[in-house]
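Student: What follows is a structure written as structure tokens; I'll ask about it next.
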Amino acid sequence: MTGPGRGRRALVTGGAGFIGSHLAEALVNAGWSVAVLDDFSTGREANLARLRGRIDLIRGDVCDLDAVAKAIEAAEVVFHQAAVPSVALSIAEPLRTHRVNLEGTVQLLDASRKNGVRRFLFASSAAVYGDGDGRPVSEAAPLSPGSPYGLHKVSGEMYCRQYAMHYGLESVVLRYFNVFGPRQSPKGEYAAVIPRFASACVEGEAPRIYGDGEQTRDFIYVDDVVRANLLAADARGAEGAILNVATGRPTNLLELLETLRDLTGARTEAKHEPAVKGDARFSLAAVARACEVLGFRPQVDLREGLRRMVAGAAAARS
């Protein structure tokens, strides 16, 4: 068979996680042969239930030489999603998060160049920019990470550039802004804001807002992030590109909570707690470059994405 995805091999690191499992499913549906590498520290087997028997699942972390060697065998494209994606946790546990987020990335890059991988897609983050001023930030903006997590991602991007320069490994850096959608866990001290708010509204509990709630985020639905990855795997001229993956639309947390209340009928009042150290006050992307290089435009707006999440949560409870 011919055409994008047909008869081709991909490795998805962190493929049992939130974004990784959606990506693995989309790749399988597009006809790719898929290997998933995950240590299940945060990923869940349930996230891969629909792919049982259709993927090669390797248990191990990205710093495990043997697991990486097994997972990357015959891969044409590596989608590197594995990380500890938390600003707060990177501050609380800098050594552990450094090992996974940076050492693991270098391990994957080196295995990729040794195994003839054509293209390496690196999941970076808006955290590389640090705190914004409310205006859209372009990929050419100065980098000023306000946390070890942001620094890990800056360093990972620079390693991608080095491996392209010295070894000819094509790389594409995708700077995710605030991704949300089904399978995103609301549990734990470091859970992301949308699943926390959605769970609280569905359960009739008081949502916790860290700070005054006026901080803004550029929320993007997971299906759109997956589409950006699939486009980046093959787009001509994308090699070496650094691209924001976002919507270009800001939403503050009070507005977000009001939308969720409207969708769920919840009337519980929010509980305000101190702001998280290292968290950006404003985060908003300029998105023209991803459109130009990949032909990428987000298709799911915030309200529709939230509606899908709430519907899924309600179905799971019934």
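Student: Using a ≥ b ≥ c from the Cα gyration tensor of segment 84-169 (square roots of the eigenvalues), is it rounded, prolate or oblate, where a/c under 1.5 gives rounded and otherwise the larger of a/b and b/c decides, a/b for prolate?
Tutor: oblate
Student: Along the charge dipole of segment 113-250, pointing to its positive end and built from +1/-1 on Cβ of Lys, Arg, Asp and Glu, which listed residue (221, 158, 143) has its Cα farthest out?
Tutor: Of 221, 158, 143, it is 158.
Student: In debye, nearest 20: dipole of segment 179-280 around its Cα centre with unit charges on the Cβ of K, R (+) and D, E (-)?
Tutor: Numbers: 12 positive and 16 negative charges, 36 e Å.
In total the dipole reaches around 180 debye.
Student: Shape verdict for segment 143-185, please, from the Cα gyration tensor: rounded (a/c under 1.5), prolate (a/b greater than b/c) or oblate.
Tutor: In terms of gyration-tensor shape, oblate.
Student: Among the lysines, which have Cα under 16 Å from the Cα of residue 187 when same-chain residues fewer than 8 positions away are ignored?
Tutor: none
Student: Taking a ≥ b ≥ c as the square roots of the Cα gyration tensor eigenvalues, with a/c under 1.5 meaning rounded and otherwise prolate when a/b beats b/c, else oblate, which class fits segment 148-230?
Tutor: Because a/c hits 1.5 or more and a/b exceeds b/c, segment 148-230 counts as prolate.
Student: Sort 12-24, 105-117, 70-82 for me by packing, meaning the mean count of neighbouring Cβ atoms within 10 Å per residue, highest on top. Don't skip to the end; give the middle numbers.
Tutor: Numbers: 12-24: 28.1, 105-117: 19.5, 70-82: 22.8.
Result, highest mean Cβ count within 10 Å first: 12-24, 70-82, 105-117.
Student: Further, regarding this structure: To the nearest µm²/s, what D does Stokes-Einstein give for the chain at 10 °C and 1.306 mPa s, using the Kirkwood radius over alpha carbon pairs as Rh?
Tutor: In µm²/s, the coefficient is 80.
Student: Another question about this same structure. Tell me, what HN-Hα J-couplings in whole Hz come from the Karplus equation 6.51 cos²θ - 1.76 cosθ + 1.60 at θ = phi - 60° for each residue of segment 40-48, using x for Gly and Pro?
Tutor: Karplus-based 3J(HN,Hα) across segment 40-48 equals 6, 6, 10, x, 10, 4, 4, 5, 10 Hz.
Student: Give, as a single signed number, the net charge of other residues whose beta carbon lies under 12 Å from the beta carbon of residue 251, with Lys and Arg counted +1 and Asp and Glu -1.
Tutor: Charge balance near residue 251 sits at -2.
Student: Could you list 84, 68 so that the one with the fewest beta carbons within 10 Å of its beta carbon is first and the one with the most is last?
Tutor: Lowest count first: 84, 68.
Student: So, one more: Near the amide H of residue 34, under 5 Å away, which other amide H atoms are found, from residues 5 or more places off or on another chain, if H is placed in the peptide plane?
Tutor: 10, 56
No lab work stands behind these numbers, since they all come straight from the coordinates. Keep in mind that this is a model prediction, so the values were computed, not measured. We place every Cβ from the backbone using ideal geometry, glycine too, and count neighbours over all the protein chains shown.
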